[in-house]
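What follows is a short report on a single structure.
The values are calculated or read from the model by the stated rules, or taken from the named source; none is laboratory data. Since we're looking at a predicted model, the values are computed, not measured. Here the Cβ is made from the backbone with ideal geometry for all residues, glycine too, and neighbour counts use every protein chain on show.
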Amino acid sequence: MKKIKISTTINSKKYYLDINPNVTLLDLLRDELGLTGTKRGCEIGECGACTVLINGEAVNSCLVLAPQIDGKELLTVEGLMAEGKLHPLQQSFMDHDAVQCGFCTPGMLMSSKALLDENPNPAEEEIRTAISGNLCRCTGYVQIVEAIGKVNK
Amino acid sequence: MSTQNQHKIIGKSECRVDAWGKVTGRAKFAEDYNVGHQLWGKVLRAKHPHAKILKIDTSKAEKVAGVEAVLTAKDIPGSKVFGIVVSNQAILAEDKVRYLGDGVALIAAKTEEIADEALSLIEVEYEPLLVVTDPEEAMNPETIKIHGDDNTFVHHKVRKGDVDKGFAEANFILEKKFKTQFVEHSYIEPEAVLAEPAEQGGVRVTGSVQNLFSTRRSTAAALNLPLNKVQIIQATLGGSFGGKDEAMTSMCIRAALLCLKTCKPVKMVNTREESMLESYKRHPYTLYYKWGVKNDGTITAMEIRIIADGGAYASMSPFVTWRSVVQATGPYYCDNVKTDIYAVYTNNNYTGAMRGFGSPQVNFAIESMMDILAEKVGKDPLEIRLQNGFERGAITATGQNLEHNVSLKEVLQKATAEINFQEKWKKYRSEPNTQKKRGIGLACSYRGVSLGAEGTDAVGTIISVQTDGSVIVSSGITDMGQGAQTQMSQIAAEVLGISMDRIQFLNTNTSRVPDSGPTVASRGTIMGGSAAKKAAEIVQATLLTTASEMTGLDVQSLELKDNYLIDIESGQRLASFNELAAECFKKGRPTYGFGWHKSPKTSWDEDHGQGEAYFTWVYGANIAEVEVDTETGKVDVLNFVSCHDVGKAINRGAVLGQIYGGVAMGLGYGLLEEFEIENGIPKQLNFDEYSLPTSMDVPKIKAIVVENEDALGPFGAKSIGEPANELAAPAIINAIYNATGKRIYELPANLERVLLGHKLVRPKERGSVLKEKDIQAAMHRAVYELLPDGTFYAEIPGLQGVYANAKSLEECREQLQEVLEKEVA
Amino acid sequence: MKPFEYISTKSINEATQVLSEYKQDARVLAGGTDVLIELRRPHAKIPKAILDISYIESLNGISESDGLIILKPLSTHTQILKSDLVRKYAQLLGIAASQIGAPQIRNRGTVGGNVMNAATCADTVPPLIALDAEITLRSNGGSRTMKLVDFFIKPYKTKAESDDVLIEITFPKLPSNAQSAFIKLGRRNALSISRLSVAAILMQDKKGLISEARIVPGAALPTWMRVKEAEEMLIGEKPSLKLFTAAGQKVSEVMISYTGRRWSTEYKEPVIGVLVRRALEGCVKD
Ligand SMILES: Cc1cc2nc3c(=O)[nH]c(=O)nc-3n(C[C@H](O)[C@H](O)[C@H](O)COP(=O)(O)OP(=O)(O)OC[C@H]3O[C@@H](n4cnc5c(N)ncnc54)[C@H](O)[C@@H]3O)c2cc1C
Ligand code: FES
Ligand code: FES
């Protein structure tokens, strides 16, 4: 199998990679690049635990073939903190008890980041829609919705 | 008014101690652990739900390059079975497979791909046996046995008064049958472990394990090692809900076997499909409820018979069904009770602990019965519950005198007042039938706290103040996401008068803390918390004694507060907590406290089903307001009120989180979730077909936290994790009835059940009147195709409309035949 | 995933060239929300090559020309639901796109993939057929255009050859007197697969009489089609609950005439009628 050369930006860092094409972006992040903050829950696009941003859009990294990030800009949960400071969303998740087991949290953060970048003051319905592809078994979503809604308030 | 104001940290929504790691992606869940040269472990699972194993040939698999070990049951040095109550669960099946999730062989290989390839080369010869899927059929003496000589392996009973007399006194009898489904825990993190050879022999396993000590015991027994050579370390758990117990025990043992065989680290990770296939579920119950009732609504007798599908192994069934038998009457007065519950083996997935632990099933039946009763005697759901509900001093069905503050009526009143229950209930009931109808429903319960008479109940927690005043806490109670670590930390912080940011909580390690039993039964706070309080008090005493020497003041006049040593009278800060910690070190005093808490006594007489089942109880009431699409059967929950007496909320945010999450899970139970097993073959193996509630299905939830502090809990705290989950389904079902006048007797209330009153099932019996020969001839012409989505498509060329599409070839063929038969008819 | 060769291209010609070489051995990859799931299956047929067309810019975008809407196949469901052109001239398509899966799926999944995959529950297909869409396929041998309704043979089976690339979907803009609706019934409110769906378009003349009606059920029939028998009942009539109920019953009858009575009919029979009625009602709301 021929390896593929790609260049991509992940969390503002440029990567030049020589990769096997038959891996998903999720595998690439976790197994090759050691970015294990992105989680594996179902591998079929249902749970959203693997959500990352590609060019600002939330996608399930388990449904992206690794070479498809060539030339793209990615953000994962590891890239949310800036200069040692929590992103306001992260802080808000902490402040509003939006985290229980935390397994859905990275994906939730990425989906809500995509929302807030486009719509800084979303209505509750919009928040619920934005995270509807992120399953959480622990929280019943209530405090997550609150946390997202209060980031810019 | 409670003592809330005096507390600095108890009762506040202090940030979780593990939150920072979880929002930054630093938290390490089991699959995130990797070490150099690790091998991949994989399991070959059964091909049949019930079959004898005639031969296992691993020779081809062993020859694959990169394969380092292939193991079968015969390679297990110690005990080949495990089980907390009944030790009969095969680590690897030896002579017989009993459900599709059974493991048959193990592979360790350099990569996952190699392991997969090797798995496909293992040849197993089976002799299929009759598959038993219906628990009532399993009880029949004629039915083939799955273990030993009886498929019924549990029978618990409760006997109080004389039911015959009770029925004779009744004006009428209510008799109903209810059924519940298999439910998948659906922790979003699938199971994973990393087993590493330990330097002095033995093994160290890091994994997504809920009950570390029982896992260690079983692993040590399988490996023939003493307990001190088996170390189980808890990775941050991505949810468990009771589910990462035996399923993890088998994974730990398997990884440890491969690890010791190869002397290399072995990593095992389940795919979601493997997880759903192998893991145990919440028990489906068939419940027969018969009540004798007077015209005024008094209940004179309850006769209850329950059959629980235990699946292939005993697991926690004996304990789960025990809670059911104790709580089967609900919190209602009744002098004459006869309850029997049976758990039976089948070839379905085995069933065990899941949040609620035997209560969601019985609550569905009890709370449905209560509404049926209300309707019969012309009362509303609140009136009937207030009339029959327990008060302080009530004697339960098991003869226990409830001497604590029985707050059933308080929670009922608070919940119903919040949403104007009675008014809405009357209004919705009399509204004319329209496309979309609203309804409101109520359910309440009582629940025994902690393990109760089902097991030894003791927990250890360790608090260690470092020389710089920072603090390390560890405990035998695990945090699965419910926040046990935070609550124990809060208790420690409260006692030591320090802020939460000083506390670091360590994940549990079986070699570092004493065996504290399982983290189940919502005992984390009341048990772990009590132990934390004792540990902190030990340290506090040392600190204050030292402080007294330091300042020359009396111990009684000193307190620890806001990270300082304070002179109570003047309020003056005498020293910082750091200085005090350093002083203890200088003086050679141990700033280390070990707290051990053993629960108060409980009792149980198995023969008569009488006893003080639990040392204390909690009370809750839930209300669901729904909208039913009467033309499609779709139900949306619009509003929800969940009111619980938690004793004392140690961490408000965490209590609310437990309530919200419990309601969401209960909503799934009531409306969406069903793990279907047909002929021993599970139909849903991932989240595309097993539907969890999404953010757009869970409504706004109003949580009401009632705090009647309990003398037996730390700072008065009791529990919330499971109570929060056990009432949503019956509240929703009662709401659907209020809207439509149609009662659902089987969970979940999915589209078909709500619209048609029953689930769609493919008929097993075919019309014999049909021209069998024609059908067979046509079936011979059928063409089948594997579609890219993995399903099968079949059609008969030339016969328009005769086609089928199903998940398996067999199913597809059956469907086709059925369509054809209808066509011919 | 088993190994395969990965080929990415920025030009349609190169894409068709690759496909003509590999034929059945290559698989087109767009958003991948269907393809990756297939590739992950334990016994999946792994193609020799994956041809990634997602970098072909000329296959992306929504535009209008000469009364037609031109929908390029790489347009994602998110692009469709946000498109002003769709909102204005093909409202029902926007509604369908907005109900697909969840944001992550809509950001990635394309209309081309939805059409080419041809799953019974493909949500953009009933609206596109109701819009009278045509599709253009290109292979090394040239281009073909056909009505979308004629494209499907059965679930997952279309008239596309293995070397065809879908390059365009077009449909006439709905006139201003047209109203449309799409109703999807699933088990939950997100991430749900259509148990049944209905796309409907109604046009009324100045007198308020129905001049044109299009009804396309989803996940109901062996393949998609307009239910002419029900549409004809509506022409020349004034909208009414009775009329729409009757049309719904007709669709239900037609469904059974194709599928026969099977075990799920007990549910689908009444419900498809209800959904049709509701979709039609949705087309006469102001
Ligand atoms: C969690 C989840 C939820 C979903 N929910 C829905 C839903 O609610 N409704 C729904 O309709 N679908 C749903 N889908 C299915 C899927 O997302 C859609 O069908 C999507 O539109 C497919 O587009 P894609 O670009 O991802 O296709 P791909 O996976 O890239 O391709 C799909 C098929 O089309 C072929 N193909 C793609 N583009 C072309 C082209 N231009 N020319 C030739 N062949 C082409 C591919 O070879 C492949 O056979 C869901 C999927 C997931 C994983
Ligand atoms: S792992 Fe990607 S969506 Fe679940
Ligand atoms: S916090 Fe556990 S899954 Fe969301």
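Quick look at the numbers
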item: Residues of segment C:228-286 that turn out to be outside any helix (DSSP H, G or I), more than 10 Å from chain B (Cβ to nearest Cβ) and either buried (at least 17 other Cβ atoms within 10 Å of the Cβ) or touching a residue at least 24 places away in the same chain (Cβ under 8 Å) (or both), as a count; result: 8
item: Of all residues in segment C:70-84 being more than 10 Å from ligand 1 (Cβ to nearest atom) and touching a residue at least 60 places away in the same chain (Cβ under 8 Å), the one that is farthest from A:LEU53 (Cα to Cα); result: C:ILE70
item: Meets criteria (of a type in the set (Ser, Thr, Tyr), at positive phi and at pLDDT 95 or above) for B:SER186; result: yes
item: Hits in segment C:95-113 (condition: within 14 Å of chain A (Cβ to nearest Cβ) and closer than 14 Å to C:ILE193 by Cβ); result: C:GLN99, C:ILE100, C:GLY101, C:ALA102, C:ILE105, C:GLY109
item: C:PRO42 being over 30 Å from A:ILE127 (Cβ atoms) and surrounded by fewer than 21 Cβ atoms within 10 Å (Cβ to Cβ); result: yes
item: Boolean, A:CYS47 is touching a residue at least 60 places away in the same chain (Cβ under 8 Å) and part of a loop (DSSP other than H, G, I, E, B); result: yes
item: Out of A:THR129, A:THR51, sole residue that is surrounded by fewer than 23 Cβ atoms within 10 Å (Cβ to Cβ) and within 16 Å of ligand 1 (Cβ to nearest atom); result: A:THR129
item: Exclusive hit being over 14 Å from B:VAL205 (Cα atoms) and touching a residue at least 12 places away in the same chain (Cβ under 8 Å), set B:LYS267, B:LYS229, B:LYS281; result: B:LYS281
item: Every residue from segment B:39-66 that is part of a strand (DSSP E or B) and surrounded by fewer than 15 Cβ atoms within 10 Å (Cβ to Cβ); result: B:LYS52, B:LEU54, B:LYS55, B:ASP57
item: Elements of type strands (runs of 3 or more DSSP E) in segment B:95-173, at least 1 residues being under 28 Å from the mean Cα position of the chain (by Cα), surrounded by 13 or more Cβ atoms within 10 Å (Cβ to Cβ) and not acidic (Asp, Glu); result: B:103-109, B:152-160
item: All helices (runs of 4 or more DSSP H) inside segment A:56-153 with 2 or more residues being within 16 Å of ligand 2 (Cβ to nearest atom); result: A:105-118
item: Among (1) away from ligand 1 (no atom under 14 Å from the Cβ); (2) crowded, with 20+ Cβ neighbours inside 10 Å - the single one C:LYS147 does not satisfy; result: (2)
item: Failed item, numbered, when B:ASN348 is tested on (1) touching a residue at least 12 places away in the same chain (Cβ under 8 Å); (2) under 20 Å from B:GLU303 (Cβ atoms); result: (2)
item: Filter pass, C:ASP25 being more than 24 Å from A:ASN60 (Cβ to Cβ) and over 17 Å from the mean Cα position of the chain (by Cα); result: yes
item: B:VAL495 being without any contact (Cβ under 8 Å) to a residue 40 or more places away in the chain and more than 27 Å from B:PHE319 (Cβ to Cβ); result: no
item: Any chance A:THR36 is surrounded by fewer than 24 Cβ atoms within 10 Å (Cβ to Cβ) and of a type in the set (Ser, Thr, Tyr); result: yes
item: Complete set of residues in segment C:160-187 that are of a type outside the set (A, V, I, L, M) and closer than 19 Å to C:ALA30 by Cβ; result: C:GLU161, C:SER162, C:ASP163, C:ASP164, C:GLU168, C:THR170
item: Test: residue in segment C:37-59 that is in contact with a Pro (Cβ under 8 Å, 6 or more places away or on another chain), within 16 Å of ligand 2 (Cβ to nearest atom) and not assigned by TED's automatic domain parsing to the domain that holds C:ILE95; result: yes
item: Pairs, first at positive phi and more than 6 Å from ligand 1 (Cβ to nearest atom) in segment C:104-122, second assigned to a loop (DSSP other than H, G, I, E, B) and of a type outside the set (Ser, Thr, Tyr), C-beta under 9 Å, six or more apart; result: C:ALA118/C:PHE151; C:ALA118/C:PRO155; C:ALA118/C:ALA160
item: Candidate set: segment A:54-73, residues that are surrounded by fewer than 24 Cβ atoms within 10 Å (Cβ to Cβ) and not β-branched (Val, Ile, Thr); chosen: the one nearest to the other protein chains (Cβ to nearest Cβ); result: A:GLU57
item: Segment C:50-76, subset surrounded by fewer than 18 Cβ atoms within 10 Å (Cβ to Cβ) and touching a Phe, Trp or Tyr at 6+ places or on another chain (Cβ under 8 Å), residue farthest from A:ILE69 (Cα to Cα); result: C:LEU68
item: Test: A:LEU28 is more than 11 Å from chain B (Cβ to nearest Cβ) and either within 16 Å of ligand 3 (Cβ to nearest atom) or over 16 Å from A:LYS13 (Cα atoms) (or both); result: no
